[in-house]
Amino acid sequence: EKGGFEHYMLKEINEQPEVVRACLRAYSDPPRFRNQLIFDSTTDSLTLTACGTSYHAAEVGKFIIEELTGIPVRLEIASEIRHRPTIIKTAKAIGLSQSGETADVLTSLKRMKEAGIETIALTNVFQSSISRIADDTIYIPAGPEVAVAATKTFVAQIIALIKLALAHQSVDRTMRDQINLELERIPHKIQQILDNRHLIKQATSLVAAADQVFFIAKGVNVPIALEGALKAKEIAYINAEGFCAGELKHGPFALLSPSSTVIAIIAGDENQASITASVREIQARKSKVVCITRENDSTFNDSTDNILRIPSTHRLLSPILNAVVVQLLAYYTAEARGCPIDFPRNLAKSVTVE
Ligand code: F6R
């Protein structure tokens, strides 16, 4: 039932081209999607609430929704908002939960509903608890996810939020067409990354042996740095942290040493010069750097830098491709360290207690 793969996690990572295709089919009818869902002219603000990996999908969604629609999006960690005395009112709130059973998300969505906010569930599990609480539900068609570490559902959540943003009437038409066109190419580009996964496996020697690992990124990829670090902690038991690249010099720099490894996610967007400068500063401090960058990026030198090259895409879709790379990095690191990949210690697939 692992489809020939050694672990469910690797199987689920490999299902991602098909999951993206399923999402694009499911969300292919913008008027219906729009009516059923979220964005009408009265939606002037939005809250996204979730935990863990789903929270990182919400962070990517916030960036994209704000850029494409100008609608301000609040992000709330579900375990925090459920205890806060004040709920800030927005027109609508989306609770993201793969399992639909995460206690903190259920409670926080209930609180939002009581505060008079219209609530929507974004979940992978039909008729899960979250869909009974929320006023409306959007399903992600990712299929069952068995490994504790969320992978294909993360990518599916991001696609759902992008499609929601694109359904809003204020989105520039050319931008919408460009993104939609590029979305169609994403399954093939993910497949290219999967077909070259041996290169990612090779790069993991620098991660598996490091005392500490930092993931850095800028802009829409910052949540992918956080997600890469979460995955490395969760399944490879590595002391890993994710940062905005520009924040390194405000403290974390003190931790850099020759035994640290930094994974830099470089998306070829407006942040290229700034993140390149960060990489050079880190190298000057003798830490090892692995750059995840695009196939045509000439800023880095294949003979002196450690580079993982992946296909280029629209800058707002780059988190999807980078997510696949950090999943594989964590997977192969965990394998090299002999960890029980599908069922890491102390963790459960759905956290139904506070
Ligand atoms: C990490 C992971 C967790 C979940 C979190 C929320 O790989 O799987 O961080 O994302 O427990 O779970 P759901 O999305 O089911 O609410």
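The values are calculated or read from the model by the stated rules, or taken from the named source; none is laboratory data. Not measured: the values here are computed from a predicted model. Here the Cβ positions follow ideal geometry from the backbone for every residue, glycine too, while neighbour counts run over all protein chains shown. In case anyone asks, the SASA skips ligands and DNA or RNA and just uses the protein heavy atoms, side chains included. Shrake-Rupley method; radii C 1.70, N 1.55, O 1.52, S 1.80 Å.
Taken residue by residue, the range 221-229 has at least one member that is hydrophobic (A, V, I, L, M, F, W, C), closer than 20 Å to Tyr331 by Cβ, touching a Pro at 6+ places or on another chain (Cβ under 8 Å) and buried (at least 24 other Cβ atoms within 10 Å of the Cβ). The C-beta contact set for the range 129-158 (first residue open to solvent by less than 10 Å² (accessible area, probe 1.4 Å), second residue part of a loop (DSSP other than H, G, I, E, B) and small (Gly, Ala, Ser), distance under 6 angstrom, 6+ apart or interchain) comprises Ile130/Gly100; Lys152/Ala142; Thr153/Ala142; Ala156/Ala142. Among the residues making up the range 331-354, a single one is closer than 12 Å to Tyr237 by Cα, within 12 Å of the ligand (Cβ to nearest atom) and β-branched (Val, Ile, Thr): Ile341.
Remark: pairs (first residue in the range 222-248, assigned to a helix (DSSP H, G or I); second residue of a type in the set (D, E, K, R) and modelled with pLDDT of 95 or more; Cβ separation under 6 Å; 6+ apart in sequence or on different chains) = Pro223/Glu59; Ala229/Glu241; Ala245/Lys218. Give Thr352, Thr313, Thr276 a once-over and let me know the one that is assigned to a loop (DSSP other than H, G, I, E, B), surrounded by fewer than 23 Cβ atoms within 10 Å (Cβ to Cβ) and at pLDDT below 95. Answer to the check: Thr352. Consider Gln178 carefully, then state whether it is open to solvent by 50 Å² or more (accessible area, probe 1.4 Å), away from the ligand (no atom under 16 Å from the Cβ), within 26 Å of Leu68 (Cα to Cα) and part of a helix (DSSP H, G or I). Here the answer is yes, as Gln178 does meet what is asked. Could you tell me whether any residue of the range 309-321 is out of contact with any strand residue (DSSP E or B) (no Cβ under 7 Å at 6 or more places or on another chain), basic (Lys, Arg) and away from the ligand (no atom under 16 Å from the Cβ)? Checked against the condition, which is being out of contact with any strand residue (DSSP E or B) (no Cβ under 7 Å at 6 or more places or on another chain), basic (Lys, Arg) and away from the ligand (no atom under 16 Å from the Cβ), the range 309-321 yields at least one hit.
Which residue is least open to solvent (accessible area, probe 1.4 Å), if the candidates are limited to the range 237-272 and must be over 18 Å from the mean Cα position of the chain (by Cα) and within 16 Å of the ligand (Cβ to nearest atom)? Looking at residues that are over 18 Å from the mean Cα position of the chain (by Cα) and within 16 Å of the ligand (Cβ to nearest atom), I get Ile238. Can you tell me which residue is farthest from the ligand (Cβ to nearest atom) among those in the range 45-67 that are more than 21 Å from Arg315 (Cβ to Cβ) and open to solvent by 10 Å² or more (accessible area, probe 1.4 Å)? Top of the filtered list is Ser45.
Here Phe215 fulfils each of the conditions (1) touching a His at 6+ places or on another chain (Cβ under 7 Å); (2) in a strand (DSSP E or B) apart from (1).
Of the strands (runs of 3 or more DSSP E) contained entirely in the range 71-135, those carrying at least 2 residues that are away from the ligand (no atom under 16 Å from the Cβ) fall at 73-77. Look at the range 95-114: where a residue is crowded, with 23+ Cβ neighbours inside 10 Å and a partner is acidic (Asp, Glu) and assigned to a loop (DSSP other than H, G, I, E, B), sitting 6+ places away or on another chain with Cβ atoms under 9 Å, you get Gln98/Glu145; Asp104/Glu354.
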